[in-house]
Structure formats: structure tokens, C-alpha cells
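Any read-out appearing in this document is the output of simple, stated calculations on the displayed coordinates, not a laboratory observation. Everything numeric in this text was worked out from a predicted model, so none of it was measured. Reconstructed Cβ throughout: ideal geometry from the backbone, glycine too, with neighbour counts over all protein chains shown.
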Amino acid sequence: MSIGIILMGLFVGFLVGLTGVGGASLLTPLLILMGINPSIAVGTDLVYNSITKLFGAFQHWRQKTVNVQMVKYLALGSIPSAVVAIVIFRYFESYSHNQELIIRHALGYILILVSLATIIRTFFEKNLPPNRWQLKPLQEKKGLTILIGSILGFIVGLTSLGSGSLFAVAMIYLYRMTTSEMVGTDITHAFLLVSVAGLLHMGYGNVNYMLVANLLLGSIPGVIMGSTISTKIPARPLRTIVAVLIFVSGLKVL
């Protein structure tokens, strides 16, 4: 048991409960900056994320705030794409000693992208007028939805980042959904995606199980505390602060 790791899980969980963003985007770079191998950090974060998202997905399923058809289309693209990313990188690892550097650079750039996506989601989620893509029924956007899943799934498989923020921004711009349905669909799809990616990393030995346990010890009460007081504090400035932290993390990892 490590008090430092538990406190880090508490901090990250508190921010997630308070703002709804910042989980993997803060945790993975923090683990790397602590000296943990990037491959282990990514694999550990995926398994940790899978466990935490399970509870959220279950709650939204009970509330009937999950668009099952969209989850299906996104998963058709994202899960195979994430598997391909992990397998390719594992194969590449046998021929190169630069895999840590590649993961660090990929993480850095994706963190910067996630921070910008968080800002967009925070300030424009309710203010964007409907566009022609949003007005089309989901069935007509099946190919586009699978393509989005494929592109972002590859990113998640490689870095463990983007299963929430990047998919949420795509939903804001391209689909007409209530906020609760968007969150429920996003979390349910993210659970499926990070679970498959996490299992693959487990098979490759890229998961530190004691680290996962310590993080959960801190993050579960952290999420509960953050969620409890989230209704009393304005979300927009807090999300902006988290986005800035993610941006700085990206620069530090680079």
C-alpha cells in the first residue's frame, strides 16, 4: 500500500466527481512523471478506468440514458481499432527501443488535444446551433459513426486517453442528444472500449495490479466526495482549470 498513490487517486477521483472530466487525462501523465514505464502506465490506467466506468455505465443503464444503437456503432469501429493499435505497437516493440519515447510523444499531443476538446465541450456544448449532420437520423450516419470510433479507438488503444473527452466532443458536433443521454452513451461505450484494451494489456503484462488497487482505494471516495459537492460549485470554471492542468501535463510529458 502506498499513501502517495492513494492520495493521487483521491485527487484525480475528486476532480472527476466534481467536473466530470480529467480521469485518464491526468492520471496517465502523473504516473509517467513519477517514473513509471509509459507502457505500464497506459495498461494500468486502462484497467483502472474499466473498473471505475463500470459503475457509471451501470447507473446510466438503469436510468435508461444510454443510446444503445450509437454505442454499438462506435464500438464496431473503436474496439477493433484499439486492438490493432495495441498489437501493432507490441509487434513494433520487438524491433525498436524507442517505444517509450513514442508513447510519451503520443500522450503529450493527445493530452493537448483533450484539453482543447474539454474547453470546447465546456463552453459550446449548449450554445451550438444544430447543423446538417445533427439533423440526420443516426441510421444515415452509421458509416460516419463507425469511422469516428475507428480513429478515436486507435488513439485510446495507444495512449489510454480520449475515451471520454474526444468522443463527447464528436457527439456534441454531430449528434442531437440530451446531456444525460450523451454522458450515459459516452460512459457505456468507454467502458466497453477500455475493458477490451485493458484485457489486451493484461495479456501482455503491462498492468501493475497493486497500483490499480491503490488508485481505486483513493479514487472511489474521491469521486463520491467530488460528486457530493459538485452541485454547490459552478462546473464551468472548474472544468476550465482541469483543462489547463491537462494542457500543462501534455507539455510536461513532451
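Dividing the Cα convex hull volume of the chain by residue count, how many Å³ per residue is that? Can you show the working numbers first?
Numbers: hull volume 29.2 nm³, N = 254.
So the per-residue hull volume is 115 Å³.
Only four residue types carry charge here, +1 at the Cβ of Lys and Arg and -1 at the Cβ of Asp and Glu. Report the dipole size of segment 136-254 about the Cα centre in Debye, rounded to the nearest 20.
280 debye
Arrange TYR173, TYR209 by Cβ neighbour counts within 10 Å, fewest through most, would you?
On the way: TYR173 13, TYR209 10.
By the 10 Å Cβ count, ascending: TYR209, TYR173.
Given bins 5 angstrom wide, list per bin the percent of all Cα-Cα distances in segment 137-243, short to long.
With 5 Å bins starting at 0, P(r) equals 2, 9, 14, 20, 20, 15, 11, 6, 1, 0.
What base-10 log of the normalised intensity I(q)/I(0) is obtained for segment 1-90 from the Debye formula, alpha carbons as equal point scatterers, at q = 0.23 Å⁻¹?
-1.26
Using the number of other C-beta atoms within 10 angstrom as an exposure proxy, rank HIS105, HIS60 with the fewest first. If you can, show how the numbers build up before the last one.
Values: HIS105 14, HIS60 20.
If I rank by nearby Cβ atoms, fewest first, I get HIS105, HIS60.
From zero up to wherever the largest Cα-Cα distance of segment 145-191 sits, split into 5 Å bins and tell me the percent of pairs in each.
Spelled out bin by bin, segment 145-191 gives 5, 23, 36, 25, 10, 2, 0 percent.
Which pairs in the list LYS53/LYS141; LYS72/LYS232; LYS72/LYS252; LYS53/LYS136; LYS64/LYS136 are over 24 Å apart, alpha-carbon to alpha-carbon? Can you show the working numbers first?
Details: LYS53/LYS141 26 Å; LYS72/LYS232 35 Å; LYS72/LYS252 36 Å; LYS53/LYS136 29 Å; LYS64/LYS136 22 Å.
LYS53/LYS141; LYS72/LYS232; LYS72/LYS252; LYS53/LYS136, as the Cα separations exceed 24 Å there.
Counting other beta carbons within 10 Å of each Cβ, put LYS136, LYS64 in order, fewest first. Mind showing how you got there, number by number?
Working: LYS136 14, LYS64 10.
Arranged by neighbour count, lowest to highest, LYS136, LYS64 become LYS64, LYS136.
Based on the mean of other Cβ atoms within 10 Å per residue, sort peptides 148-160, 236-248 so the most packed one is first. Before the final figure, lay out each step's value.
Numbers: 148-160: 24.7, 236-248: 17.8.
In decreasing order of mean packing, 148-160, 236-248 become 148-160, 236-248.
Translational D (Stokes-Einstein, µm²/s) of segment 186-254 at 20 °C and 1.002 mPa s when Rh comes from the Kirkwood sum over C-alpha pairs?
Working: Rh = 15.0 Å.
Here the translational diffusion coefficient equals 143 µm²/s.
May I ask you to list the chymotrypsin sites (Phe, Trp or Tyr not before Pro) in segment 52-123 that are in a DSSP loop and have at most 14 other Cβ atoms within 10 Å of their Cβ? If you can, show how the numbers build up before the last one.
On the way: sites: PHE55, PHE58, TRP61, TYR73, PHE89, TYR91, PHE92, TYR95, TYR109, PHE123; in loops: TYR95.
When the chymotrypsin sites (Phe, Trp or Tyr not before Pro) of segment 52-123 are filtered for loop state and at most 14 Cβ neighbours within 10 Å, TYR95 remain.
Looking at segment 102-200, which trypsin sites (Lys or Arg not before Pro) are in a loop (DSSP not H, G, I, E or B) and have at most 12 other Cβ atoms within 10 Å?
Working: sites: ARG104, ARG121, LYS126, ARG132, LYS141, LYS142, ARG176; in loops: LYS126, ARG176.
Loop-located and lightly packed - LYS126.
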